[in-house]
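To start, the structure itself, in structure tokens.
Just so you know, all these numbers are worked out from the coordinates, no wet-lab data involved. Predicted model, so just to flag it, every value in this text is computed and none were measured. So basically every Cβ, Gly included, is an ideal-geometry build from the backbone, and we count neighbours across all protein chains shown.
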Amino acid sequence: MNTQKLSDKLTYSKKSVYERDGKKNLALAMEYAEKYKSYLDAGKTERECVKISIALAEAAGYTEYKLGDDIKKGEKKYYNNRGKNLLLFSIGKEHINNGIRITAAHIDSPRIDLKQCPLYEEGGMAFFKTHYYGGIRKYQWVATPLSLHGVFAKADGSVVEVNIGEDDNDPLFYINDLLPHLGHKQGKDPLDDAIKGEQLNILVGSEPYTDEEENSIKLNVLKLLNEKYGITEDDFLSAELSAVPAAKARDIGFDRSMIGAYGHDDRVCAYPALTALLDMKDSEHTAMCILADKEETGSDGPSGMQSQIMIDLINEISSKLGGNPALVRANSKCLSADVSAAYDPNFPDVFEKKNAAMLSCGVVFTKFTGSRGKSGTNDANAEFIGWLRGLLANDGVIWQAAELGKVDCGGGGTVAKYISSHNIDTIDLGVPVISMHAPYEVISKADLYEAYRAMLAFYKY
Ligand code: MN
Ligand code: MN
């Protein structure tokens, strides 16, 4: 055997989707990306993602499940947890004791939340005080167009939805920054300190109700809010309002090979996990897709992955179908679908290139996450990954293995450990993202489509 042949036979080399696939699936990937962009524009918060996901599920024949309802083979159901967390499941033909194929992705993204007493007036302007949500780099959120999303839950039990800034005729919101002419001292501050948390105040008005009284600009804002939503200042106490980037999802690059958008993390995994489930016909296995909230703040709370709801549902499904819940969990398998950092040649120092996720090289499998000595990681079993390799090969899914950055350079966690702790084999997979957690992130359409194909293969085989 000559050297080249032996090398081809024995060495592993990471190649891009374009090289390996010969652009076979490219047209399908471009088409899929259009639907994904619509999903992104319709879902900028977990509440909006639940809403649009339910609409897609119902169009695919899914109906609502309430705790205690009957469950039969072949049924397709969704459980809406507080409008912020959605669990969809399709009951397969085989015995439930064979386990459930689970995918879990999160639908919350970093953003700027309003405080409970947000509105004030100063220096001829009215502002909202905020408390940022998730890991943001504060300097990226100033001087950029923002829209406002969320709800006022009134004391009478009614809930008023807010969505301002997505329609081209809507006003937008804004966080002020310093001009360079007066920014010399600020410019010398470390990046993380230049903009303080308490400076992330959102500009919401400047016209007074009358020109005489103090706080007249604030009063005018309250008057407008009262006219539009029927609320008074008290109603902010039981509101959940978030400022998110107003920009829409758009193609990036002359070749339109990428998508720029707010909230790819983690809707770029949530959308494939959801649509692969909805596209699956007559399945052998029982499958479940979980769209979780609160990942960006630690997966706490009733709508986060540390909530009991997933286990409650598995227990109900198992016992109603004559299974043993512990055995069902032991035989279940999970893809914890979350994004990875794409290798960025502009910042090579933080990556170890051989084990970094490369853009356009397919969906990324991450055996372990965590920081330092793999602290806080699920660390998927080799046997489980071996099984997955075989299954992905069936459909020729293009994938790569990677970890997040150099050893001791930082790190991060996912929901994987909150699922595997229930004795469920779990591995992280996802799409590589450029500028993760920035107001506008970038992904490759080819990678997005391979994520969808990976989920399809996982549910199917
Ligand atoms: Mn994420
Ligand atoms: Mn994140």
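Scattering from the stretch 9-48 was approximated by placing one identical point on each alpha carbon and applying the Debye formula without solvent; log10 I(q)/I(0) at 0.15, 0.18, 0.28 1/Å stands at -0.58, -0.67, -0.91.
Ordering of 183-191, 284-292 by packing is 284-292, 183-191, highest average first (other Cβ atoms within 10 Å, averaged per residue). Extending 7 Å from Cα along the Cβ direction at V350 and again at E64 yields two label points whose distance is 4.3 nm. Between the stretch 406-461 and the stretch 42-87, the alpha-carbon centres lie 22 Å apart. Ignoring solvent entirely, what values of log10 I(q)/I(0) come out of the Debye formula for the stretch 24-76 at 0.28, 0.30 Å⁻¹ when each Cα is a single scatterer? Reported log10 I(q)/I(0), two decimals: -1.05, -1.10. Among the DSSP beta bridges whose two residues both lie in the chain, what percent are antiparallel, rounded to the nearest 5? Counting DSSP beta bridges with both partners in the chain, the antiparallel share is about 70 percent. Using the Cα coordinates of the stretch 152-193, the gyration tensor eigenvalues translate into equivalent-ellipsoid semi-axes of 38, 17, 8 Å, sorted from longest to shortest.
Ellipsoid fit via the Cα gyration tensor, the chain: semi-axes of 40, 29, 19 Å, each the root of five times an eigenvalue, largest first.
Within the straight-line cut-off of under 18 Å between alpha carbons, the aspartates and glutamates reachable from K294 are E46, E48, D108, D113, E240, D265, D266, D338, D428, sequence neighbours fewer than 8 places apart in one chain being disregarded. Using only alpha carbons, the stretch 108-205 has a radius of gyration to Kirkwood radius ratio (Rg to Rh) of 1.01.
Modelled this way, with points 7 Å down the Cα-to-C-beta line, the labels at S319 and D408 are 5.1 nm from one another.
Among the DSSP helices (H) of the chain, those spanning at least 18 angstrom by Cα along their long axis with an average Kyte-Doolittle hydropathy of -1.0 or more are 26-42, 46-59, 216-229, 264-279, 382-394, 445-460; this is a geometric and hydropathy rule only.
Measuring how big the stretch 282-432 is from its alpha-carbon positions, Rg and Dmax come out at 16.6, 56 Å.
Excluding same-chain neighbours fewer than eight residues apart, the lysines reachable from K73 by a Cα-Cα span under 16 Å are K93, K281, K320. Computed over the stretch 180-236, the Cα gyration tensor eigenvalues convert (square root of 5λ each) into semi-axes of 34, 16, 8 Å, ordered from largest to smallest. For the peptides 426-434, 199-207, 126-134, the ranking by packing is 426-434, 126-134, 199-207, with the highest mean count of neighbouring Cβ atoms within 10 Å listed first.
Arrange the peptides 436-448, 23-35 so that the one whose residues have, on average, the most other Cβ atoms within 10 Å appears first.
Final packing ranking: 436-448, 23-35.
Please list, or write none, the lysines whose alpha carbon is within less than 28 Å of the alpha carbon of K5, excluding same-chain residues fewer than 8 places away. K5 reaches K14, K15, K23, K24, K353, K354.
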